[in-house]
Amino acid sequence: MARPEKTAAVAEIVESFNDAAGAVLTEYRGLTVKQLQELRRSLGENASYAVVKNTLAKIAAEEVGIEGFDDLLTGPTAIAFINGDVVEAAKGLRDFAKANPALVIKGGVLDGKPLGAAEIAKLADLESREVLLGKLAGGMLATLSQAVYLLNAPLAQVARLAGALEAKATEDPSILAGGAGTPAADAAEDAPVADAATESTDA
């Protein structure tokens, strides 16, 4: 490969690394062209699958600051650059590898940190982003409904109290009119007498 072509190829891999949320290194030895096409289709919009030269992938990895790739770059290598849901793409690769044992998942990188094959498998066992968002939304709805209940409960009690007060006022209007003739009014009338008594005592 001529130097300009090599530089362009490395730049393309670097760009793929930078644009991707994660990447999974695989060995595809033994897979047919048709099977590779099926793998690309199964990944859909979540990832792009590219066959790369090990030397170029190594240079690109060094340029973007990814460590620990040297041991993985052996044999025919293809990289799944994950642009969407990392968990969903990992599941797709795992399921395809189960159906097509010639595909070997060697490891990968997520958020700039290297992952082993076992860690990729654990990633594939996680629930997808959609499922987690669904559970989160369900939890939020449950919390909101609890909050609405807590807010509505005091309001309902206030409404019942207001209704009872209104019914009582219909029977005895003096309740809302300041309670003329009530013990409260009598207490108010007695207040000046108490003050006068106090003044006379002071005198």
- Message: Take ALA102 and tell me if it is modelled with pLDDT under 90 and either of a type outside the set (S, T, N, Q) or part of a helix (DSSP H, G or I) (or both).
- Response: no
- Matching residues, segment 3-23, being open to solvent by less than 40 Å² (accessible area, probe 1.4 Å) and hydroxyl-bearing (Ser, Thr, Tyr): SER16
- Query: Of all residues in segment 46-96, how many are under 13 Å from LEU110 (Cα atoms), open to solvent by less than 10 Å² (accessible area, probe 1.4 Å) and not in a strand (DSSP E or B)?
  - Reply: 4
- Looking at THR26, THR32, which one is under 29 Å from the mean Cα position of the chain (by Cα) and either open to solvent by less than 20 Å² (accessible area, probe 1.4 Å) or over 20 Å from ILE82 (Cβ atoms) (or both)? THR26
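The values are calculated or read from the model by the stated rules, or taken from the named source; none is laboratory data. Source: prediction; values computed, not measured. FYI the Cβ positions are ideal-geometry reconstructions off the backbone, even for glycines, and counts take in every protein chain you see. Note: accessible area is taken over every heavy atom of the protein model, side chains too, but ligands, DNA and RNA are not part of it. Shrake-Rupley method; radii C 1.70, N 1.55, O 1.52, S 1.80 Å.
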